1. Checking the condition over 20 Å from Leu55 (Cα atoms), within 15 Å of the chain's Cα centre (by Cα) and hydrophobic (A, V, I, L, M, F, W, C), which residue from Ile154, Ile123, Ile212, Ile112 passes?
2. Only one of these is within 16 Å of ligand 1 (Cβ to nearest atom), of a type outside the set (Val, Ile, Thr), outside any helix (DSSP H, G or I) and modelled with pLDDT of 95 or more: Ala115, Ala100, Ala122. Name it.
3. Of the numbered conditions (1) over 24 Å from Trp66 (Cβ atoms); (2) in a helix (DSSP H, G or I); (3) modelled with pLDDT of 95 or more, Thr221 fails exactly one; give the number of that condition.
4. Among the residues that make up the stretch 39-57, is at least one of them surrounded by fewer than 15 Cβ atoms within 10 Å (Cβ to Cβ) and either away from ligand 2 (no atom under 11 Å from the Cβ) or hydroxyl-bearing (Ser, Thr, Tyr) (or both)?
5. Identify, by number, the condition in (1) at pLDDT below 95; (2) out of contact with any strand residue (DSSP E or B) (no Cβ under 8 Å at 6 or more places or on another chain) that Leu36 doesn't meet.
6. In this structure, is Val125 within 16 Å of ligand 2 (Cβ to nearest atom) and either touching a helix residue (DSSP H, G or I) at 6+ places or on another chain (Cβ under 6 Å) or of a type in the set (Lys, Arg) (or both)?
7. Would you say Gly81 is more than 16 Å from ligand 2 (Cβ to nearest atom), more than 26 Å from Glu211 (Cβ to Cβ), touching a residue at least 24 places away in the same chain (Cβ under 8 Å) and part of a loop (DSSP other than H, G, I, E, B)?
8. Take the conditions of a type in the set (Ser, Thr, Tyr), away from ligand 1 (no atom under 16 Å from the Cβ), surrounded by fewer than 21 Cβ atoms within 10 Å (Cβ to Cβ) and under 20 Å from Ala57 (Cα atoms) and apply them to Ser94. Does it pass?
Amino acid sequence: MSVITLSLQHTLTPWHQAGMQVLAILARKGGVGKSLLARALAVQALTQGKRAAILDADPQGTVLAWRARRPHPAPHVVGLGNRAMADVLREIESGGGDIALIDTPPHAQPIISKAAELADAAIIVTGTGPEDIEQIRAVYDIVSNLRKPAGIVINKAKPNTAALKAARGGVLAFSMPVCPTDITDRVVHPYASANGLSVQETDPEGRAAIEIGEVWEWLVTRVLSFESATTPGHDNTRTRPRRTRIPA
Ligand SMILES: Nc1ncnc2c1ncn2[C@@H]1O[C@H](COP(=O)(O)OP(=O)(O)OP(=O)(O)O)[C@@H](O)[C@H]1O
Ligand SMILES: [Mg+2]
């Protein structure tokens, strides 16, 4: 908890660091945990000393509502409203953000495509049901066509079930890294959200928080890069994204 408190204090000083990673959280399927993951990863980024922001690009405003319940000033959360996504990202970047996570709506193909286009990297979130897995393809095609670094995270996993085993088999159909840690279905997630928190804050030693930490580690080692990027071009199976160049 003290680590989080310390990181949150960074927000009291102006953001200053140039160069920001933009991560799009995507899924065509509704309710698979995009918003939960955006919040949890943003909080995890704070614990790692990163200045994190969430762009809530979903008209449902799930993350904005969480932000309104939240007792802490960080992460910075901004809605898209009627603005261009690039403008909002540029604003976050000029404010000194280290990482901006874009929470996207389900179904809405133009917003998903725009987020994927502007992001340095993307995460595709899926549940374990066959209906969840078969919806991966649409978003997979978008990020693959853009040659974006990307990976798949399985959420709402029920350990040691046939459903999880089938889902693990199903995601192998995509040539994309799959996070080795599944996020287990646990009531601590919605409980934390009800208070505007994430599980790392309500139960930092708990298994749910450990899983989020492991997803973050996978993300920074396999999908994102906080080093100055030098590698031109992308390979979506192993990746080092270029710095965001947000078009004017
Ligand atoms: N691992 C989990 N364990 C328990 N509950 C979860 C988990 N992940 C998500 N949930 C719950 O499932 C519901 C949907 O999650 P969330 O809002 O993050 O999904 P979403 O993909 O953003 O949905 P939408 O497509 O509507 O934007 C929420 O009530 C959330 O608390
Ligand atoms: Mg959502």
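The values are calculated or read from the model by the stated rules, or taken from the named source; none is laboratory data. Everything quoted here is computed from the prediction, not taken from an experiment. Heads up, the Cβs are rebuilt from the backbone with ideal geometry, glycines too, and the neighbour counts pull from every protein chain shown.
1. Working: Ile123 fails: over 20 Å from Leu55 (Cα atoms); Ile212 fails: over 20 Å from Leu55 (Cα atoms); Ile112 fails: over 20 Å from Leu55 (Cα atoms).
Checking each option against the conditions leaves just Ile154.
2. Values: Ala115 fails: outside any helix (DSSP H, G or I); Ala100 fails: within 16 Å of ligand 1 (Cβ to nearest atom).
Criteria check complete, one pass: Ala122.
3. In the conditions (1) over 24 Å from Trp66 (Cβ atoms); (2) in a helix (DSSP H, G or I); (3) modelled with pLDDT of 95 or more, Thr221 misses (3) alone.
4. yes
5. (1)
6. Considered against the rule, which asks whether it is within 16 Å of ligand 2 (Cβ to nearest atom) and either touching a helix residue (DSSP H, G or I) at 6+ places or on another chain (Cβ under 6 Å) or of a type in the set (Lys, Arg) (or both), Val125 comes out as yes.
7. Judged against the criteria, Gly81 is not a match.
8. Yes: the conditions hold for Ser94.
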